Amino acid sequence: MPIKSYLAHPQEGKKEALIEALSKIDHCEVIPAENKDLLIVVTDTESKIDDEKIKESIEAIKSLKLLAMVSGFNTPKNN
């Protein structure tokens, strides 16, 4: 299960629009910074393919200026 965290920087004046767009994406949690125009985004997907799809969905959001991955790891499933 890939779990990744990102810092998302919105376009000027588009923080709320970015929060709304990110909140609509499955397996994506958004935490707005209280004192900066910045969002923390955490994704948790079932596979590498799902992880790539969610990243592409995030990067396609027009209110996003910059997406920087902070941490990522893959926890293998125990069968």
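Only the coordinates and a few stated rules stand behind these numbers; no lab work does. These figures come from a predicted structure and were not determined experimentally. Cβ: placed from backbone, ideal geometry, glycine included. Neighbour counts: every protein chain shown.
Could you list all residues from region 37-56 that are over 13 Å from ILE3 (Cβ atoms) and over 9 Å from the mean Cα position of the chain (by Cα)? Hits for region 37-56 are ASP37, LEU38, ILE49, GLU52, LYS53, GLU56.
Restricting attention to region 30-50, the residues being surrounded by fewer than 16 Cβ atoms within 10 Å (Cβ to Cβ) and β-branched (Val, Ile, Thr) number 4. The residues in region 10-29 that are buried (at least 17 other Cβ atoms within 10 Å of the Cβ) and assigned to a strand (DSSP E or B) can be counted, and the count is 2.
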